[in-house]
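The values are calculated or read from the model by the stated rules, or taken from the named source; none is laboratory data. The structure presented is a predicted model; accordingly, all values stated were derived computationally and were not measured. Cβ placement follows ideal geometry from the backbone for every residue including glycine, while neighbour counts extend to all protein chains displayed.
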Amino acid sequence: MADIPSEGVIKFKFNLKKSSALDEKLYIDVEKWRVILFKMNLIGEYPTEKVGFGNLSRRVVSGDNEFIITGTQTGKHPNLDGTQYTKITKCNLEKMSLDALGPIAPSSESLTHFAIYSSCPQIKYIFHIHSESLWQYMLDNKFERTSESVDYGTHEMAEEAKVCIGSKQSGIFVMAGHQDGVISYGATAEEAGRIILETLKESRK
């Protein structure tokens, strides 16, 4: 896992307008799935390096690219509350910058989430998890993937995520250049979560 030491490092510029804790109704459906994924060790923290992995988000309003996302380095917590989610209000992929409103800095993968939302208005939930076995299975079985040369949290990763999605409204792809990284997306939290569980089940046959 050669790139784990850099895991979770924010590579973009961001302007965080500090606010109080976000209202629970903005993230509760995401949090229900995060609890499940955490228990499955698909979200967490690498124990030696002490860096978190995995992030989840949801579009705020249909047709708008604003979204709620888990805060940076929150992977180690089994449960999150409104102080550990942030709202992304504006992104610029070319300038590698974003504006956020919330009590915590956004996830290091926020630009990739934005790219996915901006590519398809029907996508409302994005789950980024880590699993070495699932990652390898997806690479071995020709799933949609980003290039091996493209690292997480970059403009290139955001653009390649768009290519992986194409015109699909739900699905899953593997981040070939981001050790263990897998992203699912869908119109509902249940859809995004179910795709992960079904692909995991396939990988264990």
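In region 12-21 there is no residue matching the filter, namely being under 28 Å from SER170 (Cβ atoms), at pLDDT 95 or above and hydroxyl-bearing (Ser, Thr, Tyr). Whenever a residue of region 47-69 is acidic (Asp, Glu), its partners that are assigned to a loop (DSSP other than H, G, I, E, B) and modelled with pLDDT of 85 or more, lying with C-beta atoms within less than 7 angstrom and at least six residues away or across chains, give the pairs GLU66/VAL60. Against the conditions (1) of a type in the set (Lys, Arg); (2) on the phi > 0 side of the Ramachandran plot; (3) in contact with a strand residue (DSSP E or B) (Cβ under 6 Å, 6 or more places away or on another chain), LYS142 satisfies every one except (3). Filtered by the rule that a residue be in a loop (DSSP other than H, G, I, E, B) and not acidic (Asp, Glu), region 65-80 gives ASN65, THR72, GLN73, THR74, GLY75, LYS76, HIS77, PRO78, ASN79, LEU80. What about VAL9, is it more than 15 Å from the chain's Cα centre (by Cα), modelled with pLDDT under 95 and either on the phi < 0 side of the Ramachandran plot or of a type in the set (S, T, N, Q) (or both)? Judged against the criteria, VAL9 is not a match. Criterion applied to GLU144, GLU148, GLU109 was being modelled with pLDDT of 95 or more and either within 23 Å of VAL35 (Cβ to Cβ) or of a type outside the set (A, V, I, L, M) (or both), and the one residue passing it is GLU144. Can you tell me which residue within region 45-87, out of those that are modelled with pLDDT of 95 or more and of a type in the set (A, V, I, L, M), is nearest to GLY186 (Cα to Cα)? Here the answer is LEU56. In region 41-64, of all residues being touching a helix residue (DSSP H, G or I) at 6+ places or on another chain (Cβ under 8 Å) and assigned to a loop (DSSP other than H, G, I, E, B), the one that is nearest to TYR152 (Cα to Cα) corresponds to GLY54.
Evaluate the following for ALA161: is it modelled with pLDDT under 95, under 13 Å from HIS113 (Cβ atoms) and within 13 Å of the chain's Cα centre (by Cα)? Considered against the rule, which asks whether it is modelled with pLDDT under 95, under 13 Å from HIS113 (Cβ atoms) and within 13 Å of the chain's Cα centre (by Cα), ALA161 comes out as yes.
Kindly state which strands (runs of 3 or more DSSP E) lie completely within region 81-199 and contain at least 2 residues that are surrounded by fewer than 24 Cβ atoms within 10 Å (Cβ to Cβ) and either free of Cβ contacts under 8 Å to residues at least 12 places away in the same chain or not charged (D, E, K, R) (or both).
85-92, 97-102, 171-175, 181-186
For region 109-151, name all the residues that are over 19 Å from GLY193 (Cα atoms) and acidic (Asp, Glu). Hits for region 109-151 are ASP140, GLU148, ASP151. Looking at ALA115, ALA100, just one residue is touching a Pro at 6+ places or on another chain (Cβ under 8 Å), under 20 Å from PHE14 (Cα atoms) and not β-branched (Val, Ile, Thr), and that residue is ALA100.
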